[in-house]
Amino acid sequence: PFRGSFALGAGLAEGLRGLRAFRFSAADVAYLRSVLPSTTDDAFFDYLATLDASEVTVTAIPEGSVVFPRVPFLQVKGPLLVVQLLETTLLCLVNYASLVATNAARFRLLAGPDMKLMEMGLRRAQGPDGALSASKYSYIGGFDCTSNILAGKLYGIPVRGTIAHSFVMSFRCLEEVQPRDLPPRAGGDPVDLAGLAVSWLQRVCDLLQTPPGKANQGELAAFVSYAVTFPCDFQGLLDTYCVRRSGLPNFCAVALALHQLGYQAIGVRLDSGDLAQQSKEIREVFRACGAHFQVPWFGTIPIAVSNDISEQSLEEFRREGSEIDMIGIGTNLVTCPLQPSLGCVYKLVEVNGSPCLKLTEDEEKMTIPGMKAIYRLYDAAGHPFMDLMALEEEPSPSAGQELGIHVLGQLGEATKVTPSTVEPLHRTYFRDGQVCEPLPSLPEVRTHAQVSLNLLSPAHRRLHEPQPYPVAVTERLHRLFLELRQGS
């Protein structure tokens, strides 16, 4: 997707849970009787009532792995009617999951490993299911946290947020702040934080050479109220009115008042304007305050940004330079506007031991026949350089062994490769109606995804005009393909 060379495979765990629960209830069968043609044999409905996935076997590439075009992410064996009924469910659970995880991975690659990324797309996602899926799979793709509290509860994803413009705008003056007293962190008599902040505001404005009267009193009241309630977690939203003349001096005044009482502010957020330039100006003010008032940590207060952040935004931040520490991304992450769907397909490749081939004039859309084993071949530098499909019964290739292969898209030409390392990709995850391979936790899948991405060579990992990643078949699978094509 997104004109890249790779995707992150996701949705496997949900697919396996769906398989384990697959059956038709009495109510399901009654509904099907009401909508299917009246000539449908009663025995068919009796059969549906007995169906489950106990005869289905699923092999798959581990969730969070980098996957490439034409390579099977999942292989499903079982009675034909059952595996056909599973098609739409499995595709539904894999397609969007893999798309969002891949989109998140692209943002992570653009942002770099040290930038904090927060998913905040709940208000823009396609309904509650889409929102929960987006929170879960963007975390797999490399995001650090989510603003979706339900996703945090259900999946254990770290949750983060900031104060809202509506909270800041709901205050008009300092008299509205109740309570306003805060005891020092080390103990002692409570102090009027509002009064202390007002005294600090004058000193900050003198330093910044900005009139204290330009600082919005309602905004200052909102900051004080928040700081009294969360003195160890104080943060400011700076752009409700004017960043330079109001938001920034008000925040600094409250943060310095908290510091005087032994507390430390945790950050600010910007939600409009030239985010990169503003971040640099804000950092200068923080450093100036830290130096002038002898508060060393003040210069390193984290700066978060949001506001319709896209891949282009991240590229601009990197090109222009910025002092941004955290980026909140919503719409362009969860709705995947650059490509709103992923074309993962589910094709029949073998029936009763006989390989099947779907023929078309478009070679890219021809299926690869037979049940297959999948291998990832690595070069001496440790980068994967090719995925190889072999028939399931073929012997496994070995490291250092010269292999005769045919690259897809160049099926008329044989070539030889010698991998330094060979990794079998598919594992058996479902058998006899049960998940038979321990499933990793969500953080473990996330870590695996980052390892998989980091192993890619820069040429395959880059997001614009990447070098296509070759996928190949063995000589034996190539011969089978030719035989079936000629026989048809």
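The values are calculated or read from the model by the stated rules, or taken from the named source; none is laboratory data. Please read all numbers here as calculations on a predicted model, not as lab measurements. Cβ sites come from the backbone with ideal geometry, for glycine too, and all protein chains shown count toward neighbours. Surface areas here come from the heavy atoms of the whole protein model, side chains and all, with no ligands, DNA or RNA. Shrake-Rupley method; radii C 1.70, N 1.55, O 1.52, S 1.80 Å.
What per residue convex hull volume, in Å³, comes out for the range 262-398 when only alpha-carbon positions are used? Mind showing how you got there, number by number?
Working: hull volume 34.4 nm³, N = 137.
Taking only Cα atoms, the range 262-398 has a hull volume of 251 Å³ per residue.
Shape call for the range 329-412 from the C-alpha gyration tensor, a ≥ b ≥ c root eigenvalues: rounded (a/c under 1.5), prolate (a/b greater than b/c) or oblate? Show your work: numbers first, answer last.
On the way: a/c = 2.17, a/b = 1.26, b/c = 1.72.
Oblate, because a/c is 1.5 or more while a/b does not exceed b/c.
Residues in the range 391-488 average 57 Å² of solvent-accessible surface per residue, probe 1.4 Å, ligands and nucleic acids excluded.
All other residues whose Cβ lies under 14 angstrom from that of LEU270 are scored, Lys and Arg at +1 and Asp and Glu at -1, for a net of -3. A simple spin-label model places pseudo-atoms 7 Å from Cα toward Cβ; at LEU455 and GLU361 they are separated by 4.0 nm. Dipole of the range 1-135 computed with +1 at Lys/Arg Cβ and -1 at Asp/Glu Cβ about the Cα centre; of PHE68, GLY78, LEU110, farthest Cα towards the positive end is LEU110.
DSSP bridge analysis restricted to the chain gives an antiparallel fraction near 65%, rounded to the nearest 5.
Within the range 134-251, the ratio Rg/Rh, alpha carbon atoms throughout and Rh by Kirkwood, equals 1.08.
For the range 118-180, taking the reciprocal of the average inverse distance between every pair of different Cα atoms yields a Kirkwood hydrodynamic radius of 13.3 Å.
Our note on the geometry: Cα centres of the range 270-312 and the range 346-382, 52 Å apart. When a 1.4 Å probe is rolled over the protein heavy atoms, the share of accessible surface on the chain that falls to carbon and sulfur comes to 51 percent.
Place a +1 charge on the Cβ of each Lys and Arg in the chain and a -1 charge on the Cβ of each Asp and Glu, then give the dipole magnitude about the Cα centre in debye, rounded to the nearest 20.
Values: 42 positive and 52 negative charges, 138 e Å.
With Lys and Arg at +1 and Asp and Glu at -1, about 660 debye.
With one equal scatterer per alpha carbon and no solvent term, the Debye-computed log10 I(q)/I(0) for the range 325-374 at 0.14, 0.18, 0.24 1/Å reads -0.59, -0.72, -0.95.
The mean of 1/r over all pairs of different alpha-carbon atoms in the chain, once inverted, gives a Kirkwood hydrodynamic radius of 26.1 Å.
Checking the table LYS358/LYS416; LYS136/LYS365; LYS116/LYS136; LYS136/LYS358; LYS77/LYS136; LYS347/LYS416 against a 25 Å threshold on Cα-Cα, which pairs fail? In this structure, LYS358/LYS416; LYS136/LYS365; LYS136/LYS358; LYS77/LYS136; LYS347/LYS416 lie more than 25 Å apart at Cα. Mean projected area of the Cα convex hull of the range 257-336, taken over all directions, amounts to 5.8 nm².
Mind giving me the FRET efficiency for SER310 and GLU281? R0 is 22 Å, r the Cβ-Cβ distance, nearest 0.05 is fine. Could the numbers behind the result be given before it?
Numbers: r = 23 Å, r/R0 = 1.03.
It comes out at approximately 0.45.
Sparsely packed loop sites in the range 1-48 (the trypsin sites (Lys or Arg not before Pro) outside DSSP H, G, I, E and B with at most 10 other Cβ atoms within 10 Å) comprise ARG3. Using a probe of 1.4 Å on the protein chains alone, the accessible area found for LYS358 is around 80 Å².
When the expected Rg is taken as 2.2 N^0.38 Å, what fraction or multiple of it is the alpha-carbon Rg of the range 108-335?
1.04
For ASP114 and PHE44, the FRET efficiency from 1/(1 + (r/R0)^6), where r spans their Cβ atoms and R0 equals 41 Å, is about 0.10.
Over the range 83-214, with the other protein chains present, what is the accessible area per residue in square angstrom, probe 1.4 angstrom?
Working: 6440 Å² over 132 residues.
That works out to 49 Å² per residue.
Each Lys and Arg Cβ is given +1 and each Asp and Glu Cβ -1; about its Cα centre, the range 108-335 then shows a dipole of about 140 debye. The residue list CYS205, LEU333, ALA101 was ranked by how far each Cα lies along the charge dipole of the chain toward its positive end, using unit charges on Cβ atoms, and CYS205 comes out on top.
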